[in-house]
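The values are calculated or read from the model by the stated rules, or taken from the named source; none is laboratory data. Everything numeric in this text was worked out from a predicted model, so none of it was measured. With ideal geometry, Cβ positions are generated from the backbone for all residues, glycine too; neighbour counts draw on all protein chains shown. Calculation scope for accessible area: heavy atoms of the full protein, side chains included, ligands and nucleic acids excluded. Shrake-Rupley method; radii C 1.70, N 1.55, O 1.52, S 1.80 Å.
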Amino acid sequence: MQTKIIKPADNAHDFPLLIKSLLSGMRFQPDNEIVYSDVIRYDYRTLYKRICKLANVLTEAGVKAGDTVAVMDWDSHRYLESYFAVPMIGAVLHHVNIRLSVDQIGYTMGHAEDNLVLLHDDFTVIAEQLADQLPSVRGYIRLSDDQLPSPTNLNTVGEYETLLAAASDEYDFPDFDENSIATLFYTTGTTGNPKGVYFSHRQLVLHTLNGASTLGSFDGQPLLRSDDVYMPMTPMFHVHAWGVPYIATMLGVKQVYSGRYDPNKLLRLYREEGVTFSHGVPTVLQMILNCDETEATDMSGWKLLTGGSAATPALAQQMVDQGILLFTAYGMSETCPLVSAIFLKPSERELELSDQIPLRIKAGVPIGLVDLKIVDPEGNDVAHDGDAVGEIVVRSPWLTQGYYKEEAKGEELWENGWLHTGDVASIDKDYVIQIKDRIKDVIKTGGEWISSLELENLISQYPAVSEVAVVGVPDEKWGERPYALVVPMAGEELDSAAIQQHLQQYVESGHINKWAVPRDIKVVADIPKTSVGKINKKVIRTQV
Ligand code: AMP
């Protein structure tokens, strides 16, 4: 195609999309604060100075453009500072998933070839165990919430706050290619080693701009605006806390970081700091609703974005009962993550909140700059009629372009030029996505396909069920059969036969077939979770 391209003036500036340009919030709201638990609070002017100081400390420690700096920390102001300082000097920020096993952490740090590690005291023992197998690591900067970090033999550059105090608060951040990699982190699949996904400055800038418009501009999604107070409940190591710290900083929003997640502490900070917007996976939200501080906390008006797995109607109802405004988004590590978010039409917003639940827990509508469709196993498009199901495939400017140093796996992810999510869904005529299951979690029994998510939804509607997980387990006769774990609500008892009885009504109405009623429903005290707090079906299947 012959489009019109005009040669730019020789001296025209070709503005690169770099993370440093996202620091505009301090120009609008310089007095707003960054709060780290009960430890420290400072304003946006100080945030900028501290980012410059950290950049000087890193440079002084020998970090050069193209090096990799790992962070092992809970949610903190330090983590926020590294979100900016590390990529702004041209280095790659490796978000270490500190919830993985020691072996897996070692694998990811070795694979990423980390050069410098920002290391919180809580992970010193792990780092000491791994030090011998990480030849690329040249040194450690100690992060401590106490006066003095614990003693160690690790090659320590110094303590974070002490180093920052001594560093200059000016730094001339250079321009460079916007396609330079800014961040790297690992996602754990069902088999094999964790896989590295990576994002460039350009991708993160576009994700941030689009995230801001998605979360703030539409009347059906009024989640995050400049006067909000933000506190994440998705760890900062997990997909950049869904990218929201970048959005919040661009808008100059007051930000609250809680350290290690403890539901009571999160609720106390919510009350004391006036938090208005948070996000988290359903299991974390569940913890918030069932902790000691729940009763003492007025949660009305708290805007909570969930995603990462499906919220059950029962959980959503609990939130509505607390006055929480629940929203859902969909995405994955490979997608940076935002791909879709719920948007309520004016007529839907007029419904009672309880009646909005089925709408609010769907996966939403593809956001701007996202092409999304469902396809069958041969790659043919599947109708967007709300009934037909297929695998979600996506295109957008901010998707990982492969798996780090794993070419073949990257090709597989991008089969036919679309990123394959591994999620089965339907899409209705209003573009609303309804996730049915992960492809690998669908239960194949007697030639029928049963959605484990659908079954979880139906079981969760039985009174006194607090949490539920359904997996397929091998069965000689049927290939697979469903197997459920249920956790009773505090002080309640559950009886498997009664839950099976409850499911009969859906068999009779034709909603599910009789094979979908699990023969085994085990009442347990808790359900295995992944490193980021989602239900761990891999472990459940192994246990069964
Ligand atoms: P992760 O890469 O760990 O962030 O996990 C991404 C996966 O979480 C997706 O592929 C989906 O299976 C699941 N997921 C994310 N958002 C939703 C949602 N809104 N509803 C249901 N499942 C979701």
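Identify all residues within the range 300-325 that are open to solvent by less than 20 Å² (accessible area, probe 1.4 Å), under 18 Å from residue 363 (Cβ atoms) and of a type outside the set (A, V, I, L, M); write none if there are none. Once the filter is applied, which keeps residues that are open to solvent by less than 20 Å² (accessible area, probe 1.4 Å), under 18 Å from residue 363 (Cβ atoms) and of a type outside the set (A, V, I, L, M), the range 300-325 yields 306, 307. Suppose the filter is open to solvent by 10 Å² or more (accessible area, probe 1.4 Å), out of contact with any Cys (no Cβ under 8 Å at 6 or more places or on another chain), not hydrophobic (A, V, I, L, M, F, W, C) and not in a loop (DSSP other than H, G, I, E, B); does residue 255 pass it? For residue 255, the condition - open to solvent by 10 Å² or more (accessible area, probe 1.4 Å), out of contact with any Cys (no Cβ under 8 Å at 6 or more places or on another chain), not hydrophobic (A, V, I, L, M, F, W, C) and not in a loop (DSSP other than H, G, I, E, B) - is not met. Identify, please: which residue in the range 326-358 is out of contact with any helix residue (DSSP H, G or I) (no Cβ under 7 Å at 6 or more places or on another chain) and away from the ligand (no atom under 16 Å from the Cβ) and is, among those, most open to solvent (accessible area, probe 1.4 Å)? Among those residues, the one meeting the criterion is 350. Please go through the range 231-252 and give me each residue that is open to solvent by less than 10 Å² (accessible area, probe 1.4 Å) and more than 15 Å from the chain's Cα centre (by Cα), ordered by number. Of everything in the range 231-252, those that are open to solvent by less than 10 Å² (accessible area, probe 1.4 Å) and more than 15 Å from the chain's Cα centre (by Cα) turn out to be 248, 249, 252. Scan the range 290-299 for residues that are modelled with pLDDT of 95 or more and either buried (at least 18 other Cβ atoms within 10 Å of the Cβ) or in contact with a strand residue (DSSP E or B) (Cβ under 9 Å, 6 or more places away or on another chain) (or both) and jot them down. Listed by number, the residues that qualify are 297, 299. Taking the criterion of being under 22 Å from the mean Cα position of the chain (by Cα), part of a loop (DSSP other than H, G, I, E, B), within 26 Å of residue 316 (Cα to Cα) and of a type in the set (A, V, I, L, M), the residues of the range 360-395 that qualify are 361, 363, 367. Taking (1) open to solvent by 10 Å² or more (accessible area, probe 1.4 Å); (2) within 16 Å of the ligand (Cβ to nearest atom); (3) of a type in the set (Ser, Thr, Tyr); (4) modelled with pLDDT of 95 or more in turn, residue 270 satisfies each apart from (2). On the given criteria, is residue 386 open to solvent by less than 30 Å² (accessible area, probe 1.4 Å), in contact with a Phe, Trp or Tyr (Cβ under 8 Å, 6 or more places away or on another chain) and more than 14 Å from the ligand (Cβ to nearest atom)? So residue 386 does not fit the description; no. Name the residue that is least open to solvent (accessible area, probe 1.4 Å), counting only residues in the range 396-411 that are away from the ligand (no atom under 15 Å from the Cβ) and not in a loop (DSSP other than H, G, I, E, B). Going through the qualifying residues, I end up with 410. What do you reckon, is residue 309 polar (S, T, N, Q), within 12 Å of the ligand (Cβ to nearest atom), at pLDDT below 95 and on the phi < 0 side of the Ramachandran plot? Yes; evaluated as a whole, the condition is true for this residue. The set of residues in the range 412-429 being more than 17 Å from residue 380 (Cβ to Cβ), of a type outside the set (A, V, I, L, M) and not in a strand (DSSP E or B) consists of 412, 414, 428, 429. Residue 300: away from the ligand (no atom under 16 Å from the Cβ), out of contact with any Gly (no Cβ under 6 Å at 6 or more places or on another chain) and either part of a loop (DSSP other than H, G, I, E, B) or not charged (D, E, K, R) (or both), yes or no? Here the answer is no, as residue 300 does not meet what is asked.
Kindly indicate whether any position in the range 284-291 is within 16 Å of the ligand (Cβ to nearest atom) and touching a Pro at 6+ places or on another chain (Cβ under 7 Å).
Checking the range 284-291: not a single residue is within 16 Å of the ligand (Cβ to nearest atom) and touching a Pro at 6+ places or on another chain (Cβ under 7 Å).
Here is the figure for the range 511-525: residues that are over 22 Å from residue 543 (Cβ atoms) and open to solvent by 60 Å² or more (accessible area, probe 1.4 Å) total 3.
For the range 465-510, taking the residues that are closer than 30 Å to residue 287 by Cβ and assigned to a loop (DSSP other than H, G, I, E, B), the one that is least open to solvent (accessible area, probe 1.4 Å) is identified as 494.
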